[in-house]
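Trainee: A single structure is presented below for examination.
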Amino acid sequence: QVQLVESGGGLVQAGGSLRLSCAASGRTFSSYNMGWFRQAPGAEREFVAGISRSGDITSYADAVEGRFTIFRDNAKTTVNLQMNRLKTHDTVVYYCAAKNTADGFVLRSGYDYWGHGTQDAASS
């Protein structure tokens, strides 16, 4: 089992940047593929970005492609989401997730463990 704790949310002006971090503890972090999801009030939780165990494969939602970057540090057992050129609709709760399988990043149901979320806000 792995425990995930997100941090780094906050308030920033639209067009600014934030970095979210997810610290993992428990079983070997490098054995998990990782993902970031986000959820607006009343909406489904949606895929943002995913990264493979070794970090050599990444995947992004169209809405964040070119603005967000996911990267991990297996030695520090963290996965990060660098968010640039933030838009007001990026103002949602972000969740970190871990999965044992290597069958893609997008499906929420494919993840085994979830953090509790962190809120970011981009003001116009």
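The values are calculated or read from the model by the stated rules, or taken from the named source; none is laboratory data. It should be emphasised that the depicted structure is a prediction, and the values quoted were computed from it without experimental measurement. Neighbour counts run over all protein chains shown; Cβ positions are idealised from the backbone, glycine included. Accessible surface areas use protein heavy atoms only, side chains included; no ligands, DNA or RNA. Shrake-Rupley method; radii C 1.70, N 1.55, O 1.52, S 1.80 Å.
Trainee: Considering only residues that are among the basic types (Lys, Arg) and out of contact with any Asp or Glu (no Cβ under 9 Å at 6 or more places or on another chain), look in the stretch 12-66 and name the one that is surrounded by the fewest Cβ atoms within 10 Å (Cβ to Cβ).
Mentor: ARG27
Trainee: Out of SER30, SER17, report the one residue that is touching a strand residue (DSSP E or B) at 6+ places or on another chain (Cβ under 9 Å) and over 22 Å from VAL2 (Cα atoms).
Mentor: So the residue among SER30, SER17 that is touching a strand residue (DSSP E or B) at 6+ places or on another chain (Cβ under 9 Å) and over 22 Å from VAL2 (Cα atoms) is SER17.
Trainee: Please determine whether any residue of the stretch 85-92 is in contact with a strand residue (DSSP E or B) (Cβ under 7 Å, 6 or more places away or on another chain) and in a strand (DSSP E or B).
Mentor: No.
Trainee: The conditions are (1) surrounded by fewer than 17 Cβ atoms within 10 Å (Cβ to Cβ); (2) at positive phi, and THR77 fails exactly one of them. Which is it?
Mentor: Status for THR77: all satisfied but (1).
Trainee: With ARG108, ARG72 as the choices, which residue is of a type in the set (D, E, K, R) and open to solvent by less than 40 Å² (accessible area, probe 1.4 Å)?
Mentor: Of the residues listed, the single one that is of a type in the set (D, E, K, R) and open to solvent by less than 40 Å² (accessible area, probe 1.4 Å) is ARG72.
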